[in-house]
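Working notes, structure below.
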Amino acid sequence: MKIPLIFSYRELIKNLVLKDLKLKYRDSTLGFLWSLANPLLLILVYSFVFTRMLRVDTPNFPYFLLVGILPWNFFAQSLMMSTGSIVDNGGLIRKVWLPVEVFPIATVFFNLAQYLLALAVLLPMASFFFHMPLSWSVLGFFVVLALHVIFTLGLSFFIAAVTVFYRDVKHFTEIFLMLLFWLTPIIYDVRVLPESLRTTVYLNPLSFFITSYQDIFYRQILPGPFHLLALFSMSGLSLALGYIVFSSCKVRFAEEV
Amino acid sequence: MSPLIEIVNVSKAFTIRHNRSNSLKSSFIGIFHKRFRETKETLWALKNISFNMTPGETLGLIGRNGSGKSTLLRIIAGIYQPTQGQVRFPNGTRVGAMIELGVGFNPELTGRENVFLGASIHGLDRREVEEIYPGVVEFSELDSFMDVPIKNYSSGMHARLGFALAISLNPGVLLVDEIFAVGDEAFQRKCIQRMEELRAKGKTIIFVSHAAETIKNFCERACLLDHGSPVFLGAPSKAIEEYHRLLAS
């Protein structure tokens, strides 16, 4: 990867992220609060359904949900948006030479910014409300987050590149994410599952990331060494494969979009 | 003088796809139904283009619509990869392509925000953008409109901002594609004047235009393209003559 080149375009990446953030909230009275409304409402509805109607007995369920759903949203929205990272910037790519990598990177960083903002506001509130003090295990968050970003970036590279040639990928991603949501232990605790189902859930790479976040914020422990090893190898693999596909296609982007 | 740009036997083929399938479904159906099958045709947009440019030279590219001028410009800018041949620059040469004005401008953002975004699209860092910013404002004469979203600009104002930015990027080699057809006459004169200044400063410029007068006045050499082949390369007045003959035939 031509890292120095992409690094020299960091101002552009920053501006693209800022542009998307500005455009999202400009002219709306409540602005950034809308970004909180979506996860809050989701948590409210799921909490009601799962604790009152289905009688799930995970303690502090809304807090548990919050810890899993914010990183999920980051992941899912990054992937959805990256279907348009190259295709929607066709006008630019055909007229200016620039390292096209900046677009998927900006997409992921834009969603990362939203994730971190939501987390910074909601987590302290929830932690106070549910008497779940944050412990020193929070230090592990930065490692998990970094690996989660790398993992997401790899998939975004892949999706952004493939969508240029097959526009179906957008619809496929949408449906695939819906399926993946239920295969990820976000609204259920993986520990209450029977052994056989637990194996199935861990076939989904994202489960390792979500349970790591839950370890750190909810169970207040650090993810185990096996878990961390899995995170390292999956994010490395994702970025390597995603970027190989992306860079082998990228010379054709200007002609195809 | 050693050449700044070496264009060596550059050819470019485009694949024209009939019934082009951009979805899995149509690819799949194409296996069974001939009618839906994608058929490919190769179109050579450029054939064996070779020339060198010395630093400070200005070259005009002329030719009919579809003769390959813009494709050549894009290949020199690195946007397209040549199918055959090579474009060589000394290391670290910054090539600025003005293929369209205001590329990447977003109507919802203010003039100032768009200048910062637009400049970073061309690879400038924060410090460089801040350096050129006053010049952009001055040239565009939009001082009191920089905090207004550009969706509220008139098309002339939009073009002025785009040109002011493009001209301030200060690349080593400037590629200009037919962008003077904007703004009123006074602004067009101002643009030409600015280009003259750049040329006087020794900037290397490749210039695409249909306007015979501009090519004659501005360029030291001109290249006439027809159906992707270089038909003539030499004195601008001679190139224009050839071009007119081509149009008449």
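Some notes on this structure:
- Taking label points 7 Å from Cα along the Cα-to-Cβ direction, A:F32 and A:D88 give a separation of 2.2 nm.
- Carbon and sulfur %, accessible surface of the stretch A:3-256 computed with the full protein complex present, 1.4 Å: 74 percent
- With the simple model of a label 7 Å out from the Cα in the direction of the Cβ, A:H131 to A:F165 spans 5.8 nm.
- Figure note: A:W34, A:W136, A:W97 ranked by solvent-accessible area, largest first, 1.4 Å probe, ligands and nucleic acids not counted: A:W136, A:W34, A:W97.
- Per-residue SASA entry for A:D168, accessible area with 1.4 Å probe, Å² rounded to 10: 40 Å²
- Hits among aspartates and glutamates - C-alpha to C-alpha of A:K14 under 19 Å, sequence gap 8 or more where chains match: A:D88, A:E101, B:E108, B:E113, B:D125, B:E128, B:E130, B:E131
- Approximating the spin labels as points 7 Å out from Cα along Cα→Cβ, the B:R127-to-A:M178 distance works out to 5.2 nm.
- Extension gain (nm, one decimal) between B:S229 and B:T54, 0.36 nm per residue minus Cα-Cα: 60.8 nm
- Rolling a 1.4 angstrom probe over the protein heavy atoms with all chains in place gives the stretch A:3-256 an accessible area of 47 Å² per residue.
- Shown in residue order for the stretch B:26-32 are the 3J(HN,Hα) couplings computed by the Karplus curve 6.51 cos²θ - 1.76 cosθ + 1.60 at θ = phi - 60°: 5, 4, 5, 4, x, 5, 9 Hz (x for Gly and Pro).
- For B:L4, the residues 5 or more places off, or on other chains, whose built amide H falls under 5 Å of its own are B:M53, B:T54.
- Close amide H pairs (under 5 Å, H built 1.01 Å from N) link B:L46 with B:K12, residues at least 5 positions away or on another chain.
- Estimated D of the protein assembly as shown in µm² per second, where Rh is the Kirkwood radius over Cα pairs and Stokes-Einstein applies at 20 °C, 1.002 mPa s: 82 µm²/s
- Count Lys and Arg as plus one, Asp and Glu as minus one, and take only other residues whose Cβ is under 13 Å from that of B:S140; the net charge is then +1.
- If R0 is taken as 60 Å, the Cβ-Cβ distance between B:Q193 and A:A146 corresponds to a FRET efficiency of 0.70.
- Calculated FRET value between B:S27 and B:H210, using beta carbons and R₀ = 35 Å, to 0.05: 0.30
- 31 Å Cα-Cα threshold exceeded, pairs from B:K47/B:K203; B:K69/B:K201; B:K151/B:K216; A:K19/A:K170: B:K151/B:K216
- Of the complete DSSP H runs in chain A, those spanning 18 angstrom or more by Cα along the long axis with a mean Kyte-Doolittle score not below 0.0 are A:33-47, A:61-82, A:102-129, A:139-165, A:169-182, A:205-217, A:225-249.
- 1.4 Å probe accessible area per residue over the stretch B:55-248, in Å²: 43 Å²
- Here is the interface size for B with A: some 2600 Å² of accessible area buried, both sides summed, with a 1.4 Å probe.
- With the largest listed first and rounded to whole Å, the semi-axes of the equivalent ellipsoid of the stretch A:71-207 from the Cα gyration tensor are 31, 20, 12.
- Within the stretch B:181-214: backbone nitrogen closer than 12 Å to the B:S155 label point (7 Å, Cα to C-beta): B:181-184
The values are calculated or read from the model by the stated rules, or taken from the named source; none is laboratory data. Quick caveat, the model's predicted, so the values are computed rather than measured. Cβ: placed from backbone, ideal geometry, glycine included. Neighbour counts: every protein chain shown. For the accessible areas, the whole protein counts, side chains as well, though only heavy atoms, and no ligand, DNA or RNA atoms are used. Shrake-Rupley method; radii C 1.70, N 1.55, O 1.52, S 1.80 Å.
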